[in-house]
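As C-alpha cells, the structure follows; a few thoughts come after it.
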Amino acid sequence: MIGEDAVLQVAELRTTFFDRGKPREAVRGVSFSVRRGEILGLIGESGSGKTVTGLSILRLLPEHAKMEAESIRFEQHELAGMPDSQFAALRGTELAMIFQDPVGSFNPVKTIGWHLRHAMARRQDSNAISAKTWQTDPLLLLDEMRIHTPERILDAYPHQLSGGMLQRVLIGMVLALRPRLIVADEPTTNLDNLVERQILDLIRHHQRRLGLSVLFITHDLTIARDLCDRIAVMYAGEIVEMGPASAVLDDPQHPYAASLLRTARSLEQHEATLFELPGEPGQDARQRSGCRFAARCPSVMSPCQIDDPPLVRVSPQHHTRCLLHVQ
Amino acid sequence: MRVENLTLEFPSRSRGASIVRAIDDVSIDIAEGEIIGLVGESGSGKTTLGKTLLGMYSASAGHIWYEGIDLATADARSLKPHRRDLQMVFQDPLSSFNPRFRIGDSMAVPLRLHHICRGKALEAEVGRLLERVGLSADHARRFPHELSGGQLQRVAIARVLGIGPKLIVADEAVSKLDVSIRAQILNLLKAINRDIGVSLVFITHDLSVARFLCNRIAVMYFGRIVELGSTESIFSDAMHPYTRRLLEARRANQPHDPADDVTGPVTASGSVDRFAGCNYRDRCSVRISRCDRERPGLEGPSNERRFACFNPRGHQEDPAPALAMAR
C-alpha cells in the first residue's frame with residue numbers, strides 16, 4: 001500500500017489461538033506499514049488484537065497460537081517463512097520490543113550495569129558500528145535516558161528501582177541495540193502521570209534523534225495524539241481506520257473510532273453525563289460475516305450484518321473499514 | 001464521617017528508618033451523599049487511607065468518628081453493626097469474586113450474612129440488583145470468568161449496593177477498564193450516588209475522572225493531604241505546587257524535572273526526611289527557606305478550602321520584604 005520508505009510492511013497477518021482445540025481468531029488479516037522515522041500508533045481496547053499483532057511480528061506468541069501472513073517485509077528481509085534460527089539474529093538487535101511491565105524484562109539477580117553491558121555487547125557482536133554513533137559507556141547511556149546521577153543506578157538491582165526508572169533503563173538498553181524498529185506495547189500504562197509524560201517525551205526525543213521507526217501500541221487516545229505520526233485503530237482483530245494522527249483523531253470516519261473519541265471528549269469537556277458506547281468489545285467476536293462492530297454501531301444499516309466491509313480510502317492517506325463510505 | 005489527625009505507621013523493612021508513616025495526620029470530613037476524590041501518585045497513601053477508613057488497617061493514632069463511635073479505637077463488637085454501612089469496590093473485579101461461585105451465589109453471601117433476605121426473595125433481590133447496574137438477572141447463573149471486566153465491576157457494585165451502605169470506598173474502580181467501559185461505569189456510579197445518596201470516596205490517579213465524578217478533591221502526597229477543596233477550586237485555582245504539577249502533567253512536552261525522580265525507592269528513604277520540614281520540598285520549584293525548617297499544616301481560608309504550603313501559588317522567594325517586616 002505504501003511505497004519504498006517502509007521499514008516494516010505487513011500484509012494479511014492472521015493470528016489464531018487454539019483454546020482446547022477450538023480456534024479463535026485474534027488478528028484477522030491485518031495489513032499496515034511503518035515508515036522510516038515514524039511512530040505508528042496501534043490503538044484499540046483490550047481484546048482488539050493490538051498486542052497480539054506486535055507479538056506476532058516478533059514471534060513471541062505462546063505455543064497454542066498460530067500466526068500466518070502473506071508477507072512481513074522488514075528492511076531487506078522477508079520475515080514470513082524465515083526460519084526461527086535466522087529470525088533470532090534479528091530479534092533483539094534490529095527488531096526490539098519494550099513491554100508494559102519493565103520488571104519482567106530484567107533478570108532479578110543481576111545489576112542494572114550488567115544488563116546495560118549485556119545489551120551493548122549484543123549489538124557490537126552482531127554489527128560493527130562506529131563509536132561516534134553510539135555510546136559504549138553505560139553511564140553515558142543512562143545520562144541520555146535523563147537519569148539523574150547514574151552512578152548510583154549501576155550497582156542497583158531491578159527491584160530497587162521504581163517502575164519509571166526501570167522503564168528508562170530498559171529504553172536505554174533497547175536503544176543501545178540500535179534497532180531499526182521498536183515495538184512498544186503500552187510502555188507507560190503502569191506509571192504515574194508525571195512519570196508517564198517524561199517517558200513519552202524521552203521516547204519521542206530519541207526516536208527523532210536517531211530517526212527510529214516505532215510501532216506504538218496503546219489504548220490511550222491522548223498519548224496517541226501527542227506521540228504518533230499515523231494511527232491505526234483496531235477493533236475485534238481488524239484495522240477499522242488508519243491515517244495521519246490528526247485526520248483520524250480530529251475527523252474519524254469509522255463509527256467505532258468516532259464513538260471512542262466522543263467518549264474521551266465528553267470526559268475532557270466535563271460534560272455532566274459521559275457519552276456511552278453501548279455493549280462490550282468482543283461481544284460479536286464469534287460472528288462469521290458482516291461488520292464486527294455492527295451489533296454496537298450507532299449507524300448500523302441492514303447490509304452491515306451480511307457484507308464484510310472493505311478498507312475504503314476516504315482521502316489519499318486515510319482509510320476506513322465501513323460500508324457508510326462505500327459508494 | 002469525621003476523620004481527625006489519622007496516622008498509620010508500619011514497621012519499615014528498609015535500613016535506616018524504623019517506621020514508615022503511610023498516613024500522616026490526615027483530617028477530613030465526609031458529608032452524606034458527597035463524592036470525594038482522593039488523588040495522588042502511587043505510594044501517596046490514598047489506597048491505604050481508604051482501607052483505614054473501613055477498618056482494614058488499625059490506625060496508629062487519631063480518630064474516625066462515625067455515628068457517634070470512633071472506628072479507629074472501637075472493638076470488633078461495637079464495629080459490627082456499622083460494617084454494612086461501609087463498603088469497598090476494588091480495582092480488579094476478577095479477584096473480588098470466588099472463581100468457583102456463580103455470580104448469584106457471590107452476591108447472595110452478604111445479603112444472607114446481614115439478614116436482608118433469604119429463600120425466594122433472595123433470588124429476586126439478586127436479579128433486581130443486577131438490573132439496577134445495567135445487567136440482566138440471567139447473569140446470576142454465570143461464573144466470574146464468563147463476564148468481562150466491565151460487567152464484573154458492575155456486579156461488584158451491585159453486591160455492595162445490596163446491603164445498603166452509607167459510604168463506599170472505590171479504589172481505582174475504573175482504571176483497569178477500557179475507555180468505552182470506563183464511561184459506562186462512571187455514569188453508573190454518578191447515577192447511583194444521585195439516586196440513593198450514598199457517599200463515595202473515589203480513589204484515582206486520573207484527574208479528569210475525578211473532575212467528572214467528584215464534588216470535592218483531596219490531593220495526597222507521601223501520606224498527607226496537601227490540598228483540599230471543591231473540584232472546581234482545585235482545577236481553577238490550585239494552590240499547592242504538587243497539585244499544579246499534577247495538573248500540568250496532563251499536557252504534553254513536559255520539561256523533565258529530575259526532582260521528580262526522588263520518588264524512586266533508591267532515594268526515597270534517604271533524601272526525604274519526613275519528620276522535619278515539608279515533605280515535598282525536594283521536588284518543589286518554589287520552596288522557601290521556611291520549608292526546610294517547618295512542616296506546613298493543612299490550612300486555608302475556610303474548612304472547605306485548605307492547603308499545606310507556605311508559598312501557595314508559588315511566588316519566588318524575595319528575602320528583602322520579609323526582612324523589612326521582621327524589623
Restricting the search to region B:135-148, which residues are of a type outside the set (S, T, N, Q) and buried (at least 18 other Cβ atoms within 10 Å of the Cβ)?
B:135, B:139, B:140, B:144, B:147
In region A:259-280, what count of residues is obtained for those that are in a helix (DSSP H, G or I), at pLDDT below 90 and at the interface with chain B (Cβ under 7 Å from one of its Cβ atoms)?
3
Take residue A:169 and decide whether it is in a helix (DSSP H, G or I), away from chain B (no Cβ under 14 Å), farther than 26 Å from residue A:246 by Cβ and at pLDDT 90 or above.
no
Does at least one position in region A:86-93 carry a residue that is loosely packed, with under 14 Cβ neighbours inside 10 Å, more than 30 Å from residue B:151 (Cα to Cα), in contact with a strand residue (DSSP E or B) (Cβ under 9 Å, 6 or more places away or on another chain) and modelled with pLDDT of 90 or more?
yes
Filter region A:181-228 down to residues that are of a type in the set (D, E, K, R) and closer than 11 Å to residue A:42 by Cα and give me whichever is farthest from the other protein chains (Cβ to nearest Cβ).
A:185
Six or more apart or on different chains, Cβ atoms under 7 Å: show the pairs whose first residue is in region B:173-196 and facing chain A (nearest Cβ under 9 Å) and more than 20 Å from residue B:88 (Cβ to Cβ) and whose second is of a type in the set (Gly, Ala, Ser) and outside any helix (DSSP H, G or I).
B:178/A:46
I'm checking my understanding of the structure. Among residues of region A:215-242 that are under 24 Å from residue A:205 (Cα atoms) and among the acidic types (Asp, Glu), which one is farthest from the chain's Cα centre (by Cα)?
A:226
Out of the residues in region B:203-214 that are outside any helix (DSSP H, G or I) and within 13 Å of chain A (Cβ to nearest Cβ), state the one that is surrounded by the fewest Cβ atoms within 10 Å (Cβ to Cβ).
B:206
Yes/no for residue B:158 being closer than 30 Å to residue B:207 by Cβ, buried (at least 20 other Cβ atoms within 10 Å of the Cβ), of a type in the set (Gly, Ala, Ser) and touching a strand residue (DSSP E or B) at 6+ places or on another chain (Cβ under 9 Å):
no
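Considering only residues that are under 16 Å from the mean Cα position of the chain (by Cα) and not in a strand (DSSP E or B), look in region A:173-189 and name the one that is surrounded by the most Cβ atoms within 10 Å (Cβ to Cβ).
Of the residues in region A:173-189, the ones under 16 Å from the mean Cα position of the chain (by Cα) are A:174, A:179-189.
This time we only want the ones that are not in a strand (DSSP E or B), so: A:174, A:179-180, A:186-189.
Numbers: A:174: 22, A:179: 22, A:180: 19, A:186: 19, A:187: 26, A:188: 24, A:189: 16.
The residue in question is A:187.
Could you tell me whether residue A:174 is within 14 Å of chain B (Cβ to nearest Cβ) and within 13 Å of residue A:105 (Cβ to Cβ)?
Details: within 14 Å of chain B (Cβ to nearest Cβ): no; within 13 Å of residue A:105 (Cβ to Cβ): yes.
Spelling it out, it is not the case that residue A:174 is within 14 Å of chain B (Cβ to nearest Cβ) and within 13 Å of residue A:105 (Cβ to Cβ).
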Look through region A:222-241, keep the residues that are assigned to a strand (DSSP E or B) and not β-branched (Val, Ile, Thr), and return whichever of them is farthest from residue A:267 (Cα to Cα).
A:238
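Please determine whether any residue of region A:233-240 is surrounded by fewer than 22 Cβ atoms within 10 Å (Cβ to Cβ), touching a strand residue (DSSP E or B) at 6+ places or on another chain (Cβ under 9 Å) and within 12 Å of chain B (Cβ to nearest Cβ).
Step one: filter region A:233-240 for residues surrounded by fewer than 22 Cβ atoms within 10 Å (Cβ to Cβ), giving none.
No: region A:233-240 contains no residue that is surrounded by fewer than 22 Cβ atoms within 10 Å (Cβ to Cβ), touching a strand residue (DSSP E or B) at 6+ places or on another chain (Cβ under 9 Å) and within 12 Å of chain B (Cβ to nearest Cβ).
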Give me the pairs, please: first residue somewhere in region A:263-275 and in contact (Cβ under 8 Å) with a residue 40 or more places away in the chain, second residue anywhere and among the hydroxyl-bearing types (Ser, Thr, Tyr), beta-carbon distance under 9 Å, and either six or more positions apart or on two chains.
A:264/A:222
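For residues that are among the polar types (S, T, N, Q) and closer than 21 Å to residue A:60 by Cβ, scanning just region A:98-113, find the one that is farthest from the chain's Cα centre (by Cα). Steps first, please.
Of the residues in region A:98-113, the ones among the polar types (S, T, N, Q) are A:100, A:105, A:107, A:111.
From what's left, closer than 21 Å to residue A:60 by Cβ: A:100, A:105, A:107.
Numbers: A:100: 11, A:105: 17, A:107: 24 Å.
Among those residues, the one meeting the criterion is A:107.
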What are the pairs, 6+ residues apart or on separate chains, where a residue within region B:229-245 that is more than 12 Å from chain A (Cβ to nearest Cβ) and among the hydrophobic types (A, V, I, L, M, F, W, C) has its Cβ under 7 Å from a residue that is part of a loop (DSSP other than H, G, I, E, B) and surrounded by fewer than 21 Cβ atoms within 10 Å (Cβ to Cβ)?
B:239/B:312; B:239/B:313
Any chance region B:131-150 includes a residue that's within 28 Å of the chain's Cα centre (by Cα) and hydroxyl-bearing (Ser, Thr, Tyr)?
yes
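Can you find a residue that is buried (at least 23 other Cβ atoms within 10 Å of the Cβ) and at pLDDT 90 or above anywhere in region A:281-289? Don't jump to the end; show me each part of the working.
In the first step, residues of region A:281-289 are kept if they are buried (at least 23 other Cβ atoms within 10 Å of the Cβ); the result is A:281.
Next, only the ones that are at pLDDT 90 or above stay: none.
Scanning region A:281-289 turns up no residue that is buried (at least 23 other Cβ atoms within 10 Å of the Cβ) and at pLDDT 90 or above.
Out of region A:142-157, which residues are at the interface with chain B (Cβ under 9 Å from one of its Cβ atoms), farther than 25 Å from residue A:212 by Cα and at pLDDT 85 or above? Talk me through it step by step, then tell me what you get.
Taking region A:142-157 first, the residues at the interface with chain B (Cβ under 9 Å from one of its Cβ atoms) are A:146-149, A:152-153, A:156.
Keeping just the survivors that are farther than 25 Å from residue A:212 by Cα gives A:149, A:152-153, A:156.
Once the filter is applied, which keeps residues that are at the interface with chain B (Cβ under 9 Å from one of its Cβ atoms), farther than 25 Å from residue A:212 by Cα and at pLDDT 85 or above, region A:142-157 yields A:153, A:156.
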Here are some residues: A:160, A:135. Which one is farther than 26 Å from residue A:219 by Cβ, modelled with pLDDT under 80 and not assigned by TED's automatic domain parsing to the domain that holds residue A:205?
A:135
Return a yes/no flag: does region B:75-85 have any residue that is of a type outside the set (D, E, K, R) and under 22 Å from the mean Cα position of the chain (by Cα).
yes
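Condition check: closer than 28 Å to residue B:221 by Cα and within 14 Å of chain A (Cβ to nearest Cβ). Does residue B:43 satisfy that?
Here the answer is yes, as residue B:43 does meet what is asked.
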Identify, by number, the condition in (1) touching a Lys or Arg at 6+ places or on another chain (Cβ under 9 Å); (2) free of Cβ contacts under 8 Å to residues at least 12 places away in the same chain; (3) closer than 29 Å to residue B:172 by Cβ that residue A:205 doesn't meet.
(3)
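The values are calculated or read from the model by the stated rules, or taken from the named source; none is laboratory data. Here the structure is a predicted model, which is why all the values come from computation and not from measurement. Positions of Cβ are backbone-derived with ideal geometry, glycine not excepted, and every protein chain shown enters the neighbour counts.
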